[in-house]
1. Label points 7 Å out from Cα along the Cβ direction at K134 and N73: separation in nm?
2. Kindly write out, for the stretch 70-82 in residue order, the coupling ³J(HN,Hα) from the Karplus curve 6.51 cos²θ - 1.76 cosθ + 1.60 (θ = phi - 60°), rounded to whole Hz, with x marking Gly and Pro.
3. Amide H to amide H under 5 Å from W82: which residues, 5+ apart in sequence or cross-chain, H placed 1.01 Å off N in plane?
4. For D115 and D80 in the same chain, what is the full-extension length gain: residue separation times 0.36 nm, less their Cα-Cα distance, in nm?
5. Find which of G104, G26, A121 sits farthest along the positive direction of the dipole of the stretch 18-133, computed with +1 on the beta-carbon of Lys and Arg, -1 on that of Asp and Glu, about the Cα centre.
6. Which whole-Hz couplings ³J(HN,Hα) result when phi for each residue of the stretch 86-101 is put into the Karplus expression 6.51 cos²θ - 1.76 cosθ + 1.60, θ = phi - 60°, listed in order with x for Gly and Pro?
7. Taking square-rooted eigenvalues a ≥ b ≥ c of the alpha carbon gyration tensor, is the stretch 85-124 rounded, prolate or oblate, where a/c under 1.5 means rounded and, failing that, a/b exceeding b/c means prolate?
8. Mind putting a number on the dipole of the stretch 18-133 about its Cα centre? Charges go on the C-beta only, +1 for Lys and Arg and -1 for Asp and Glu, and I need it in Debye to the nearest 20.
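Read-outs: derived from the displayed coordinates by stated rules, not from any lab. Everything quoted here is computed from the prediction, not taken from an experiment. Every residue, glycine among them, receives a Cβ derived from its backbone with ideal geometry; neighbour counts consider all protein chains shown.
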Amino acid sequence: MWVLLIFVRAQSNGGKTAAMFAASGGHVEVLKAMQRGPSLLDLPSADGGTAAMSAAAHGYGDVLSYIIEKKCNLNAQDEDGWTALMYAVAAGNVENVARLIAAGANPKIKNSDGDDAAKLAAGKNKDALLAALKGKMGTIKEDKKCCMM
């Protein structure tokens, strides 16, 4: 019989947390196995990044939904002032932008360059991203990975 041991507060030498590794790989089952809430999921890496930022940057809607369900801080900022919402916008992921807005992420927060999430919207999804930022999206589909990059 194998036993999986997870050191939930451990960080890599790059400062990434176990929750960030799970989130960036789309491993919602690992996050659930950790059986923890915001105390772990909001634990920042050396650069201030969080599991929500990792999930948003990599386009994992199911992971982001789990993080939202756990009532984590969606408005945390990394050392550059970026939030999970900004990462979702930069990734062009309309569904995750809508998901974060519906959960209360603040689109008015500015990063260290003075840009808010709307200013980061670009590319072929710009209009849809701006609509999502204004809360004008319909239902959100629950895909494992729905990144539109």
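1. 3.1
2. Per residue, the Karplus-derived 3J(HN,Hα) values read 7, 6, 7, 6, 7, 9, 4, 10, 7, 5, 9, x, 7 Hz.
3. For W82, whose amide H was placed from the backbone, the distant partners under 5 Å are S112.
4. Stretched out fully, the D115 to D80 stretch lengthens by 11.5 nm.
5. Working it through, the farthest residue towards the positive pole turns out to be G104.
6. So the J values, rounded to whole Hz, are 4, 5, 5, 5, 4, 6, x, 8, 4, 4, 6, 4, 4, 4, 5, 4.
7. oblate
8. Rounded to the nearest 20 debye, it is 300 debye.
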